[in-house]
Amino acid sequence: MFDARKARHFDSSWNWVRQEVYELIQQAIVGCAAEPASAPTSIDDASLQRLKNRSSPGLLRMLAGSLSILQAANHDLLEPVISLVSELHSACEQALNQPPVYRKFSTPTGPHADIGPDGTVTYSEIPRPDEPSFVEYMEHMRQPAAQDMPPFIHLKKQPVGGAWTYCAELSATYYEGLSEICGSGLSFAGKTAVVTGCGRGSIGADIVCGLLSGGAKVVATTSSFSRRTTLFFEDMYRTHGARGSELVVVPFNQGSTGDIKQLVDYIYRDSGAAKGLGWDLDYVFPFATVSDINSPAVNLGSRSELVQRVLLTNVMRLLGGIKDTKERLGYETRPSLVVLPLSSNHGTFGGDGLYGECKIGLETAFNRWKFESWKNYLSIAGAVIGWTRGTGLMSGNNMVAQAIEKLGMRTFSTREMAFNILGLLHSGIRDMAYSQPIWADLNGGMGCIADIGSVAGKACQEIQRKSNFLKTLSREAMLDHAAQYPEPVVSTAPTQDATP
């Protein structure tokens, strides 16, 4: 599937920002003409940060020119627009010599399942009333999940020959990184990354958005290369691409050994007839996955073997290929930080094929780092990903997420989980990963619930029971109404004209 000739490159953030600013100014002018009293005089913080991340001399000239034209018009109705453009020019001028940053402005959301009077079950994401921003979200996540339990998200440390245990010192550094993302922001300027498994609605897609907004150059792989897919990534770059960022989209099948080799070669090769990108990766996110629902151990098939190849075997091949290439090229002073997608689901839910075995197998990378001489080339951060709503693997469980949270566990949106993971790229965590692997427990207190698979199953059955009950009541009510208020019968018998 991999074909370097099909690679799509997006790097024109300087152009998209001009179009966005032009549309913003025109909308403000139209607003002033229609309703002067409610004309916009400023923009929200998230939009302003996106403009600042893409600040350039050309943008400043455009804003200065627009400001001159508006002032020359000498019209009182345009004063709000002049104020807005002046604010944008000042903010972008200050940001011109600053690196772009990834900052989180959105509102955390929670799961909400509603059963209507007719028994119809609907699911939606609603704002959490106690978390108006990610500042409050972070403060909640650093609290203990339950009595005598570690925080909802935290880091662990492994003593020599011992087990991984909660480390308050490492966790404090991690929380500082999350606080920085909520405050001044985290820059990825000059950094390069590869992200597999970043399709629509995935954690990987939100990770790519964060990296681009921080100024990184990113290779995003897709197993469904099409016009629809490339338009999705184009829109992603248009919205989040910052100054100096680049998005390269390539077709890729993580289940293919050949694709693994070609991808690594394409990223690192900087000469020859088929010249590649010539990058040295700073971050690696092997997040591609394949679902294998309803596959108990007694009925493992070829799809289960594909899952093992995608989730485990070829992840190790990818890491081995990167390590071997860096060693061959002499890149010994810049280890690539690999964020491994681990899971606490080691067969807990049941019927998911070899998913649990693959996630356990990835944990061997911690030992391989020590005993296979990875230290100079790769750093390892294992992220135990918690219950993440809306992903391809977990979307079927969205309906029971609200019931699960009532038991004390936290479930996450893809944006929240991406925020948790990108916090591992903070310099404090990255520096620690140079000397030892990092274990990030991001499962939201899943350990508080014993036999979570059974609990989720019972919650699903309860929702189904209520839904069926209301459907029955609704149907009976309709029958009662029809019996009490019957519709008049209209005769459809053919009429005959009598001829005298």
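Taken together, the values in this text are just the output of simple stated rules run on the coordinates, not laboratory data. As the structure is a computational prediction, the values presented were derived from the model and not from experiment. Note that each Cβ is placed from the backbone with ideal geometry, even for glycine, and that neighbours are counted across all protein chains shown.
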Residue range of the chain that is longest and free of trypsin sites (Lys or Arg not before Pro) which are both DSSP loop and sparsely packed (at most 14 other C-beta within 10 Å): 1-199
Ranking of Tyr123, Tyr268 by count of other Cβ atoms within 10 Å, fewest first: Tyr123, Tyr268
Among Pro251, Ser344, Gln436 the positive-end extreme of the charge dipole of segment 109-454 (Cβ point charges): Pro251
Difference of contour (0.36 nm per residue) and Cα-Cα distance, Ile360 to Asn468: 35.0 nm
5 Å-binned pair-distance histogram of segment 11-95 (Cα, whole percent): 3, 15, 27, 26, 17, 8, 3, 0
Electrostatic dipole magnitude of the chain [Cβ: Lys, Arg +1; Asp, Glu -1; Cα centre; debye, to 20]: 1660
Under Karplus coefficients 6.51, -1.76 and 1.60, residue-wise ³J(HN,Hα) of segment 79-92 in Hz, glycine/proline x: 4, x, 5, 4, 4, 5, 5, 5, 5, 5, 4, 5, 5, 5
Contact order relative to length of segment 11-95, as percent, for alpha carbon pairs under 8 angstrom and 6 or more apart: 40
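Listing His112, His140 from the residue with the fewest other Cβ atoms within 10 Å to the one with the most, what is the order?
His112, His140
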For the chain, with +1 on Lys and Arg beta carbons and -1 on Asp and Glu, the positive-most of His154, Ile449, Phe10 along the dipole: Phe10
Set of aspartates and glutamates with alpha-carbon distance to Lys275 below 13 Å, sequence-local pairs under 8 removed: Asp3, Asp265
The chain - percent relative contact order, Cα under 8 Å, separation 6 or more: 17
Neighbourhood charge, 13 Å Cβ-Cβ cut-off, centred on Thr221 and excluding it, Lys, Arg +1 and Asp, Glu -1: 0
Within-13-Å neighbourhood charge of Lys191 [Cβ basis; K, R +1; D, E -1]: 0
Environment charge at Cys92 (Cβ cut-off 13 Å; Lys +1, Arg +1, Asp -1, Glu -1): +3
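Mind giving me the FRET efficiency for Ala34 and Ser68? R0 is 30 Å, r the Cβ-Cβ distance, nearest 0.05 is fine. Spell out each step's value before the answer.
On the way: r = 24 Å, r/R0 = 0.81.
Approximately 0.80, to the nearest 0.05.
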Cα gyration tensor of segment 142-299 - equivalent ellipsoid semi-axes, whole Å, descending: 31, 23, 18
Sorted by Cβ density within 10 Å, fewest first, the residues Leu479, Leu318: Leu479, Leu318
Ratio Rg/Rh, restricted to the chain and using Cα atoms, in which Rh is the Kirkwood radius: 1.07
Once the Cα gyration tensor of segment 209-338 is diagonalised, semi-axes √(5λ) in Å: 27, 21, 14
